[in-house]
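Nothing in this text is a laboratory measurement; each read-out follows from the coordinates by a stated rule. Keep in mind that what you see is a predicted model, and the values were worked out from it rather than measured. Heads up, the Cβs are rebuilt from the backbone with ideal geometry, glycines too, and the neighbour counts pull from every protein chain shown.
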Amino acid sequence: MSQNHQDIRDSVVALCRDFPGQYWRGKDRERQYPTEFVRALTDAGFLSVLIPESYGGSGLGISEASAILEEIHKSGGNGGACHAQMYIMGSVLRHGSDAQKQSLLPGLASGELRLQAFGVTEPTSGTDTSRIHTTAKKDGTDYIINGQKVWTSRAEHSDFMLLLARTAPREDGERPHDGMSVFLVDMRDKIDQGLTIKTLRAMINHSTTEVFFDDMRIPAASLIGEEGRGFRYLLDGLNAERILIAAEAIGDARWFIDKARVYAGERKVFDRPIGQNQGIQFPIAQAYADAEAAALMQEKAASLFDAGEPCGPEANMAKLLAADASWKAADMCLQTHGGFGFAEEYDIERKFRETRLFRVAPISTNLVLSYIAEHVLGLPRSF
Ligand SMILES: Cc1cc2nc3c(=O)[nH]c(=O)nc-3n(C[C@H](O)[C@H](O)[C@H](O)COP(=O)(O)OP(=O)(O)OC[C@H]3O[C@@H](n4cnc5c(N)ncnc54)[C@H](O)[C@@H]3O)c2cc1C
């Protein structure tokens, strides 16, 4: 690990000390956005590490961004409230116009603007993104948006949304994913002007929403890149997202393992620490080995990404292994704590619910396995 990474990790750990379990429990109970935590991360510059220095960011890589998210999760917190502020801007950076970059990136880097809502999933299309129904129709110098998104996280805490919509019917394209476009939607003056956002209460405190577009008018200049190429632009950002989410899952796994290790050493039943029993030791040791293996794959994926090398298989495998490792560690930790694992004050039940998400979103385990089977192993396409 480079000294830079260690410095970053130490700073994140120090920041997270001001946001202990009690803070996260309160937010979880009240389903509140962790505004103070996000402000502190923003002010410390941690959310702008991937923005180039020329736009006011620190121009660091996915490895450094991973270190930040892992430490947040390892400290018992959750980066889900703001992690997208780090990476959604990548689509604008890679495919946006100079004007879009100039008007957005410095504001994101300073924390004045927020781009952390990503509108892809729809109620009826599911993982088959090619079947989204939200449309964007050109009308003079505007586009008119109609449709609905679901699970659009942080939409109520974001100034902009990156939106995927159809600009041409599925049937008109050579391939199912042709005809979709990506828009940078400025939501600030659109509420009740064609845009409705409804809170979606979920198993975890994730500030997620349903979003409805009813003849919402946006300037044609909101289009990113070329019309019809939106899905390709989306794919470009997926490796970064998978690597970063894997880092969060590894942070969770390490939190669960440490919590279990300490408790197993302290809790005495039948006059001896429960950790003296191999029935308790072995699951902790297994979870540790799984987490370390996942971390190696995550580090490999991040290094390849930062070197500009292809990393699709590694990014997907990192996400898969890390999500499995964190879930197994969560189950192990709960079992190690017995009944106390269910008590809110231990934070285990909260982290247990939170870490379960990684096996479903932003991409489900089955879909990652399908990618590996088809694109890495050359097995026949199944859908
Ligand atoms: C808390 C939360 C936050 C989210 N945030 C966002 C967000 O900010 N923006 C956004 O756009 N989306 C978001 N999502 C949506 C998320 O990306 C999707 O839920 C996820 O990709 C799975 O899609 P789905 O729910 O439509 O499942 P479906 O596509 O309906 O699939 C259901 C199950 O069937 C499996 N399955 C489907 N097809 C196949 C197949 N061919 N072979 C094998 N198995 C299959 C899937 O793996 C899954 O387990 C969020 C979801 C949650 C729960």
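A few notes on this one:
- Cα gyration tensor, region 131-257 - rounded (a/c under 1.5), prolate or oblate: oblate
- Between 0 and 90 degrees, the angle of helix 3-16 with respect to the longest Cα principal axis of the chain falls at about 80 degrees.
- Magnitude of the charge dipole, the chain, Cβ model with Lys/Arg +1 and Asp/Glu -1, debye to 20: 820
- The fewest-to-most ranking of Ser48, Ser364 by surrounding Cβ atoms within 10 Å reads Ser364, Ser48.
- Cα-based radius of gyration for the chain, normalised by 2.2 N^0.38 Å, reads 1.01.
- Per residue, the chain reaches -15500 deg cm²/dmol at 222 nm when only DSSP H runs of four or more residues are counted, each adding -39500 (n - 2.57).
- In this Cβ point-charge picture (+1 for Lys and Arg, -1 for Asp and Glu), region 1-68 has a dipole of about 340 debye about its Cα centre.
- Counting other Cβ atoms within 10 Å as a rough exposure proxy, the listed residues Val185, Val150 run Val150, Val185 from fewest neighbours to most.
- Only Lys, Arg, Asp and Glu carry charge here, each on its Cβ (+1 for the first two, -1 for the last two); on that basis region 58-136 has a dipole of about 100 debye about its Cα centre.
- Axis angle, to the nearest 10 degrees, between helix 21-30 and the longest C-alpha principal axis of the chain: 50 degrees.
- Using alpha-carbon coordinates, inclination of helix 62-74 to the longest axis of the chain, degrees: 50
- Listed by Cβ neighbour count within 10 Å, with the fewest neighbours leading, Glu248, Glu171, Glu226, Glu314 appear as Glu171, Glu226, Glu314, Glu248.
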